[in-house]
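Colleague: Please see the structure below; I have some questions.
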Amino acid sequence: MKASDLSFRAAVLMVIAGMIWGLVMGITQDHSTMPAHAHLNLLGWVSLFLFGIYYHLHPALDVGRLAKVQVWIWITATVVLTIGIALIHSGRSAGAPVAIVSSLIVLADMVLFASLVFRFTPAEVTARRSTQPAE
Ligand code: HEM
């Protein structure tokens, strides 16, 4: 499976879970876990979907192993971070180390994504450069 397909599929599953979470908060009038809902939706839906669009626009990256690793790390760390934040906001201090470690992993994974963005040179740009006459 391409990195973009993985991103899109995980993103829609996460937003369905996030929306159900939001509905439950609304129905029960208990908004205490709101930060976890927000992180699940923003890291799990918005960010993953954006990764998917980027990878889809860069087919050479999309089929590579590193992009898929980046997406899998993001999926796993987002789920763990969401659980950690939910635990903290429901009064369980055990959630703190979970949230700290997973948030650092999310950050490291964003650095990995940034390195892919900076390292990647689209084939057409390389071709254009090589055909330009030297000044
Ligand atoms: C069925 C869909 C959704 C429902 C029912 C829902 C419900 C809620 C509720 C009840 C709150 C707590 C508000 C408060 O306590 O002030 C909340 C907060 C929040 N939600 Fe959702 N939500 C939904 C979808 C989404 C989506 C798709 C996103 C992001 C893409 C999102 C992002 C947020 C954010 C960032 C907050 C925190 C807002 C703040 O800090 O005041 N939600 N949502």
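Colleague: Would you confirm, using the coordinates I've provided, whether V80 is surrounded by fewer than 19 Cβ atoms within 10 Å (Cβ to Cβ), modelled with pLDDT of 95 or more, within 21 Å of M19 (Cβ to Cβ) and more than 16 Å from the ligand (Cβ to nearest atom)? Even if it seems obvious, please write down each step before you answer.
Modeller: Numbers: surrounded by fewer than 19 Cβ atoms within 10 Å (Cβ to Cβ): yes; modelled with pLDDT of 95 or more: yes; within 21 Å of M19 (Cβ to Cβ): yes; more than 16 Å from the ligand (Cβ to nearest atom): yes.
Yes.
Colleague: Scanning for something part of a helix (DSSP H, G or I), in contact with a Leu (Cβ under 9 Å, 6 or more places away or on another chain) and either near the ligand (Cβ under 7 Å from one of its atoms) or aromatic (F, W, Y) (or both), does segment 25-36 turn up at least one residue? Lay out the reasoning, then the answer.
Modeller: Start the filter on segment 25-36 by keeping residues that are part of a helix (DSSP H, G or I), which leaves 25-28, 34-36.
After this cut, where a residue has to be in contact with a Leu (Cβ under 9 Å, 6 or more places away or on another chain) as well, the list is 36.
After this cut, where a residue has to be either near the ligand (Cβ under 7 Å from one of its atoms) or aromatic (F, W, Y) (or both) as well, the list is none.
No; the residues of segment 25-36 include none that is part of a helix (DSSP H, G or I), in contact with a Leu (Cβ under 9 Å, 6 or more places away or on another chain) and either near the ligand (Cβ under 7 Å from one of its atoms) or aromatic (F, W, Y) (or both).
Colleague: Is it the case that A114 is part of a helix (DSSP H, G or I), more than 23 Å from A17 (Cβ to Cβ) and under 12 Å from the mean Cα position of the chain (by Cα)?
Modeller: Working: part of a helix (DSSP H, G or I): yes; more than 23 Å from A17 (Cβ to Cβ): yes; under 12 Å from the mean Cα position of the chain (by Cα): no.
Against the criterion (part of a helix (DSSP H, G or I), more than 23 Å from A17 (Cβ to Cβ) and under 12 Å from the mean Cα position of the chain (by Cα)), A114 does not qualify.
Colleague: Which residue is surrounded by the fewest Cβ atoms within 10 Å (Cβ to Cβ), if the candidates are limited to segment 44-77 and must be over 16 Å from the mean Cα position of the chain (by Cα) and small (G, A, S)?
Modeller: Once the filter is applied, the top-ranked residue is A60.
Colleague: Quick one: what pairs do we get from segment 21-47, first residue farther than 26 Å from D5 by Cα and of a type in the set (A, V, I, L, M, F, W, C), second more than 6 Å from the ligand (Cβ to nearest atom) and not in a helix (DSSP H, G or I), C-beta under 8 Å, 6+ apart or different chains?
Modeller: M25/T33
Colleague: Same structure, new question: Looking for something away from the ligand (no atom under 11 Å from the Cβ) and hydroxyl-bearing (S, T, Y) - is there at least one such residue anywhere in segment 54-61?
Modeller: Of segment 54-61, the ones away from the ligand (no atom under 11 Å from the Cβ) are 54-61.
Restricting the remaining residues to those that are hydroxyl-bearing (S, T, Y) gives 54-55.
Yes, the conditions are met somewhere in segment 54-61.
Colleague: For S7, only one of the following conditions fails: (1) among the hydroxyl-bearing types (S, T, Y); (2) surrounded by 14 or more Cβ atoms within 10 Å (Cβ to Cβ); (3) near the ligand (Cβ under 10 Å from one of its atoms). What is its number?
Modeller: S7 satisfies all of (1) among the hydroxyl-bearing types (S, T, Y); (2) surrounded by 14 or more Cβ atoms within 10 Å (Cβ to Cβ); (3) near the ligand (Cβ under 10 Å from one of its atoms) except (3).
Colleague: Next up: Going residue by residue through segment 70-77, is there one that turns out to be within 11 Å of the ligand (Cβ to nearest atom) and out of contact with any strand residue (DSSP E or B) (no Cβ under 6 Å at 6 or more places or on another chain)?
Modeller: As a first pass, look at segment 70-77 and keep what is within 11 Å of the ligand (Cβ to nearest atom): none.
No.
Colleague: Considering segment 80-120 alone, what residues qualify as being under 25 Å from H31 (Cα atoms) and touching a residue at least 60 places away in the same chain (Cβ under 8 Å)? Spell out the reasoning first.
Modeller: Start the filter on segment 80-120 by keeping residues that are under 25 Å from H31 (Cα atoms), which leaves 80-103, 106.
V106 - this is the single residue of segment 80-120 that is under 25 Å from H31 (Cα atoms) and touching a residue at least 60 places away in the same chain (Cβ under 8 Å).
The values are calculated or read from the model by the stated rules, or taken from the named source; none is laboratory data. This structure is a prediction, so every number in the text was calculated from the model and none was measured. Cβ sites come from the backbone with ideal geometry, for glycine too, and all protein chains shown count toward neighbours.
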